[in-house]
Amino acid sequence: MVNESQVEALLAPLEPEHTVVEDMSDGCGAKFDILIVSDRFAGKRVLERHRMVNDALKEVMDTIHAVTIKALTNEQWEKEQ
C-alpha cells in the first residue's frame, strides 16, 4: 500500500515549491489526486509534465490504480491564487 508521504517523497526530485497529495481511495493507497508546482515544468506541455510525474512515481505505479495530476509552474500557481 502506498501512502501520501511516499508519493510526496518520490516527487521530491522534481523540486516542487508546493505539493498536495490526497489519497482519494479511502486509505487503500490506490487512487491519488496530485497538485505539484515546480519550475521544472516551465516550457513543457501538459503531457510532458504528466510524464515527468509518472516517471517520478514509476516504482509505485504498479500498485496505484489511478492518478489525477495538476502540474503547474510557480508563475501559473501564483496566477491561480
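Here are some notes:
- Subset tally (residues that are acidic (Asp, Glu) and exposed (fewer than 15 other Cβ atoms within 10 Å of the Cβ)) for segment 18-32: 2
- For the residues Leu11, Leu47, the requirement of being open to solvent by 70 Å² or more (accessible area, probe 1.4 Å) and hydrophobic (A, V, I, L, M, F, W, C) singles out Leu47.
Matching residues to (1) within 19 Å of Met61 (Cβ to Cβ); (2) touching a helix residue (DSSP H, G or I) at 6+ places or on another chain (Cβ under 7 Å):
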position: Asn3; (1), (2): yes, no
position: Leu14; (1), (2): yes, yes
position: His18; (1), (2): no, yes
position: Val21; (1), (2): yes, yes
position: Met24; (1), (2): yes, no
position: Ile34; (1), (2): yes, yes
position: Val37; (1), (2): no, yes
position: Ala42; (1), (2): no, no
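- So Phe41, is it surrounded by 11 or more Cβ atoms within 10 Å (Cβ to Cβ), of a type in the set (Phe, Trp, Tyr) and over 20 Å from Gln81 (Cα atoms): no
- Of Leu47, Leu10, all but one fail to be touching an Asp or Glu at 6+ places or on another chain (Cβ under 9 Å) and aliphatic (A, V, I, L, M); the exception is Leu10.
- Listed conditions (1) surrounded by 15 or more Cβ atoms within 10 Å (Cβ to Cβ); (2) at pLDDT 95 or above are all met by Asp55, apart from (1).
- Residues in segment 26-54 that are under 16 Å from Val2 (Cα atoms) and either free of Cβ contacts under 8 Å to residues at least 24 places away in the same chain or hydrophobic (A, V, I, L, M, F, W, C) (or both): Asp26, Gly27, Cys28, Ala30, Phe32, Ile34, Val53, Asn54.
- Complete set of residues in segment 1-25 that are among the charged types (D, E, K, R), free of Cβ contacts under 8 Å to residues at least 40 places away in the same chain and over 13 Å from Asn54 (Cα atoms): Glu4, Glu15, Glu22, Asp23
The values are calculated or read from the model by the stated rules, or taken from the named source; none is laboratory data. Model, not experiment: these values are computed from the prediction. Every residue, glycine among them, receives a Cβ derived from its backbone with ideal geometry; neighbour counts consider all protein chains shown. Surface accessibility is based on the protein's heavy atoms, side chains included, excluding ligands, DNA and RNA. Shrake-Rupley method; radii C 1.70, N 1.55, O 1.52, S 1.80 Å.
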